[in-house]
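Everything below concerns the one structure shown next.
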Amino acid sequence: MKTTKIAVVGVTGLVGQMMLKVLQERHINGEYFLFASANHAGEKITMNGEEYIVEVLTPERVAEIKADFALFAAGAEVAREWAPRFVATGTTVIDNSSYYRMQPDVPLVVPEINLFSIQQYKLIANPNCSTIGAVVALAPLDRVYHIKRIVYATYQAISGAGKNPHFKHPITNNVLPDIDVRMPDGNTKEENKMINETRKILGRAEIAISATAARVPVANCHCVAINVEFAQQPDLARVKTILSQAAGVVYCDDYAVPTQVSGHDEVYVGRVRLDASQPNTLNLWTVSDNLRKGAATNAVQIMESLLA
């Protein structure tokens, strides 16, 4: 039986380290090839009881290993340069960066929502961490009630900013409504990611979406307050049933908080209530582990579906 060859690019970052952890937790056996920047070359990492040496990417090495899968956790510039090199050797690349997400010929995948027809693709994009935490809850409601408009407010953990984050203001005892660079439309890049990626994942380009993304002094897990308007009045009891039965969702009669959710792969949904100020509108609160379901686990789940 052929051994699956799996390359992981960016293994020393927070998402890369979580990818290795999730791969081991889910007992995905194979021959691994671990890559990082030059200053980590030669480091040793144990995977499934075997010791691997961290390598630097070279065209020759990519061509030599001919990996079946490459999981990228190394940022947009690395993905831009190296993902096509892997694809050229027949590798299926699952990229966690933002570089390919909005390219029309690259599927943007959340397994619980739009896993269909990805077998034909050799390059698959992993969505933004806050987007994943929102759409896992919204997609099953959209299928029943048809979303017209969404207003997002995110409360994003420090771990979402990487290993050595730098902020414009101190994060301790603060809330910073300014994630990523400011765009010409006044939104930040992070806010536009949530808007554009939600539309692409749901396959609904016409949905009106507004977003405000804020960094909060929480170690891990992103929270999203969502106000969502539907084409028809949602029945609250049915909404709760839909969420309770939805794949990847843990429905909470009350609510969840980051300290409860950290280390879990599901999206926790609570504070579900009708918006009395506007017809056909619902409020809800989601919490998800941004390093796991928001990044590493989602990518590994995509690969698992292709292996199956």
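If packing is taken as the average number of other Cβ atoms within 10 Å across a peptide's residues, how do 165-175, 290-300, 148-158, 191-201 rank, most packed first?
Ranking, from highest mean packing down: 290-300, 191-201, 148-158, 165-175.
Whole-Hz ³J(HN,Hα) for each residue in segment 214-228, computed from phi via Karplus 6.51 cos²θ - 1.76 cosθ + 1.60 with θ = phi - 60°, x for glycine and proline: what do you get?
10, 8, 10, x, 10, 5, 8, 5, 9, 10, 9, 8, 10, 10, 10
Quick one: helix 76-88 against the long Cα principal axis of the chain, what's the angle to the nearest 10°, folded into 0 to 90?
Once rounded, the angle reads 60 degrees.
Give a residue-ordered list of calculated ³J(HN,Hα) values for segment 20-25 (Karplus: 6.51 cos²θ - 1.76 cosθ + 1.60, θ = phi - 60°; whole Hz; x for Gly, Pro).
Couplings: 4, 5, 5, 4, 6, 4 Hz.
Check Ile209: other-chain or 5+ apart residues with amide H under 5 Å from its amide H, H built from backbone geometry?
Ile150
How far is the Cα center of segment 91-144 from the Cα center of segment 1-80, in Å?
21
Could you size up the charge dipole of segment 129-290 around its Cα centre, putting +1 on the beta carbon of Lys and Arg and -1 on that of Asp and Glu, and report it in debye to the nearest 20?
220
What is the calculated FRET efficiency for Asp254 to Gln24, with r their C-beta to C-beta distance and R₀ = 35 Å, to the nearest 0.05?
E between Asp254 and Gln24, to the nearest 0.05, is 0.55.
Step by step: find N for the chain, compute 2.2 N^0.38 Å, then divide the Cα radius of gyration by it. What's the final number?
Normalised by 2.2 N^0.38 Å, the Cα Rg of the chain equals 1.00.
Tell me whether segment 200-308 comes out rounded, prolate or oblate; compute the Cα gyration tensor, take square roots of the eigenvalues as a ≥ b ≥ c, and use a/c under 1.5 as the rounded threshold.
It is prolate, given that a/c is not under 1.5 and a/b is the larger ratio.
Please label the shape of segment 1-134 as rounded, prolate or oblate, based on the square roots a ≥ b ≥ c of the eigenvalues of the alpha-carbon gyration tensor (a/c under 1.5 means rounded; beyond that, a/b larger than b/c means prolate, else oblate).
The shape class here is rounded.
Would you pull out the residues with amide H under 5 Å of Thr92's amide H, same chain only if 5 or more places away, H placed 1.01 Å from N?
Residues meeting the amide H criterion: Phe69, Ala70.
Given the chain, what percent of its DSSP beta bridges are antiparallel, to the nearest 5?
Within the chain, antiparallel bridges account for around 50 percent of the total.
Note the angle between two axes, namely the Cα long axis of helix 129-145 and the longest principal axis of the Cα atoms of the chain, as a number of degrees from 0 to 90, rounded to the nearest 10.
Rounded to the nearest ten degrees, it is 50.
Multiplying the sequence separation of Leu274 and Val175 by 0.36 nm and subtracting their Cα-Cα distance, what value in nm do you get? Spell out each step's value before the answer.
Working: separation 99, 0.36 × 99 = 35.64 nm, distance 2.73 nm.
Full extension of this stretch gives 32.9 nm more.
Tilt of helix 189-202 relative to the longest C-alpha principal axis of the chain, in degrees (0 to 90, nearest 10)?
80
Please report the Cα spread of segment 129-290 along all three principal axes, rounded to whole Å, starting with the longest.
Principal-axis extents of segment 129-290 (Cα, largest first): 44, 37, 28 Å.
Taking only the alpha-carbon atoms of segment 120-204, what semi-axes of the equivalent ellipsoid follow from 5 times the gyration tensor eigenvalues under a square root, in whole Å, largest first?
Value: 26, 16, 13 Å, ordered largest first.
Taking amide H positions as placed 1.01 Å from N in the peptide plane, with prolines and chain starts having none, which residues 5 or more places from Asp275, or on another chain, fall under 5 Å of its amide H?
Thr281, Leu282, Asn283
Across segment 296-308, in residue order, what do the Karplus-derived ³J(HN,Hα) couplings come to in whole Hz, using 6.51 cos²θ - 1.76 cosθ + 1.60 with θ = phi - 60° and x for Gly and Pro?
For segment 296-308, the Karplus curve yields 5, 4, 4, 5, 5, 4, 4, 5, 4, 5, 6, 5, 6 Hz.
Nearest 5 is fine: what % of DSSP beta bridges in segment 129-290 come out antiparallel, could you say?
Taking every DSSP beta bridge within segment 129-290, about 70 percent pair in antiparallel fashion.
Values quoted throughout were computed directly from the atomic coordinates according to the rules given, and no laboratory measurement underlies them. Remember, predicted model here, so these are calculated numbers, not experimental data. Every residue, glycine as well, gets a Cβ built from its backbone with ideal geometry; the counts of neighbours run over all protein chains shown.
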